[in-house]
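Everything below concerns the one structure shown next.
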Amino acid sequence: IFVFIMIYQRYGKAHPVPFRGRISSDIPENISPAMANFIFTAGQLNASAILATLIDLASRGFLQIKEEVLQKKFLTFNYQKKQYRLILNGEKFEKEHSQLLPHEENLLSFLFNDLCQGGSEIFFDEIRNSRSKVRKWFLNWKKIIKQEWGGKPIYDKVSIKATIAFAVISLLILIAGILTLPGQNYQPLTGNF
């Protein structure tokens, strides 16, 4: 118990903050959405990083996202289907593509050069229908983001050491507890109840 208290006193308490923080939904200015996803998922990456990057590129003017409502008919029923289209702002891309991070430029290149064969517009349905190409590209995209992050650790070394020490001590206490259980000879119950 003393060791647990000592570890908690050293590593378990939060650092005192001189002000009361408030929750902010603002995007961090010095990090891209894909990189934030990489950090949040502890060095992994999920598909939401693509969508977040597309929305970020649209807010910066490199892309335009348009929604179209199509009238569809199935047997005698009429219904509406929403369709989304990405439009590359070629003029801005030519002038300011040096401002893009490597993973952002790679995403735009994949969408408009590989999937769209050099066009400037692509529908989300086209991306969805090219699953095998997208999957193959996504594995490469993860590597690009990992290279951009570099060898920086996601977790603090002190925190990792404290977690390992806590786990080892917990395991030792568990083993000691099992070994100190009273050894009684249990006999099966016989007879009628």
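The values are calculated or read from the model by the stated rules, or taken from the named source; none is laboratory data. Note that the structure is predicted; figures quoted are calculated from it, not measured. Virtual Cβ from ideal backbone geometry, glycine too; neighbours counted across all protein chains shown. Just so you know, the surface numbers come from the protein's heavy atoms only, side chains and all, with ligands and any DNA or RNA stripped out. Shrake-Rupley method; radii C 1.70, N 1.55, O 1.52, S 1.80 Å.
For this structure, a couple of remarks:
- Protection-proxy order for peptides 76-87, 109-120, each taking the mean of Cβ atoms within 10 Å per residue, highest first: 109-120, 76-87
- Max mean-square fluctuation residue, GNM over the chain, Cα-Cα springs under 10 Å, options Lys161, Lys142, Lys13: Lys13
- Computed with a 1.4 Å probe over protein heavy atoms only, the accessible surface of segment 73-193 comes to 79 Å² per residue.
- Put a plus charge on the Cβ of each Lys and Arg, a minus charge on the Cβ of each Asp and Glu, and nothing anywhere else: the dipole of segment 91-143 about its Cα centre is then about 480 debye.
- Heavy-atom surface analysis with a 1.4 Å probe gives the chain a carbon and sulfur content of 58 percent of its accessible area.
- Relative to the Cα centre, the charge distribution of the chain, modelled as +1 at Lys and Arg Cβ and -1 at Asp and Glu Cβ, gives a dipole magnitude of about 520 debye.
- Both radii come from the Cα set of segment 57-123: Rg as radius of gyration, Rh as Kirkwood radius; their ratio Rg/Rh reads 1.15.
- Here segment 115-165 was treated as a single set of alpha-carbon atoms; its pair distances binned every 5 Å from 0 give 4, 15, 14, 13, 13, 10, 8, 8, 6, 5, 2, 0 percent.
- Over 21 Å [Cα-Cα, segment 1-114], rounded percent: 61
- Each residue of segment 159-169 is assigned a 3J(HN,Hα), and the resulting list reads 5, 5, 4, 5, 5, 5, 4, 5, 5, 5, 5 Hz, derived from the Karplus form 6.51 cos²θ - 1.76 cosθ + 1.60 (θ = phi - 60°), x at Gly and Pro.
- Between Ile65, Ile178, Ile145, the GNM of the chain built on Cα springs shorter than 10 angstrom shows Ile178 fluctuating the most.
- Among Ile144, Ile173, Ile122, the largest mean-square fluctuation in a Gaussian network model of the chain, built with springs joining Cα atoms closer than 10 Å, belongs to Ile173.
- Applied to segment 106-117, the Karplus parametrisation 6.51 cos²θ - 1.76 cosθ + 1.60 on θ = phi - 60° returns per-residue 3J(HN,Hα) values of 5, 5, 5, 4, 5, 5, 9, 9, 7, 6, 9, 6 Hz, with x for Gly and Pro.
- Amide proton proximity set for Leu63, modelled H, under 5 Å, gap of 5+: Ala58, Asn89
- Entry note, the chain: the mean residue ellipticity at 222 nm calculated from DSSP H runs of n ≥ 4, each adding -39500 (n - 2.57), is -14000 deg cm²/dmol after division by the residues and rounding to the nearest 500.
- Extension gain for Gln9-Ala58 works out to 12.9 nm (0.36 nm per residue, less the C-alpha to C-alpha distance).
- Folded to 0 to 90 degrees: helix 48-59 orientation relative to the chain principal axis, Cα: 40
- Spatially near lysine pairs across segment 1-124, Cα under 18 Å, sequence gap of 8 or more or different chains: 7
- Cα-centre dipole for segment 85-183 with unit charges at Cβ (Lys and Arg positive, Asp and Glu negative), debye to 20: 520
- Ordered by 1.4 Å accessible area with all protein chains kept, Met35, Met6 run largest first as Met6, Met35.
- Taking 20 Å as the straight-line reach from the Cα of Lys136, the lysines in range (excluding those fewer than 8 positions away in the same chain) are Lys146.
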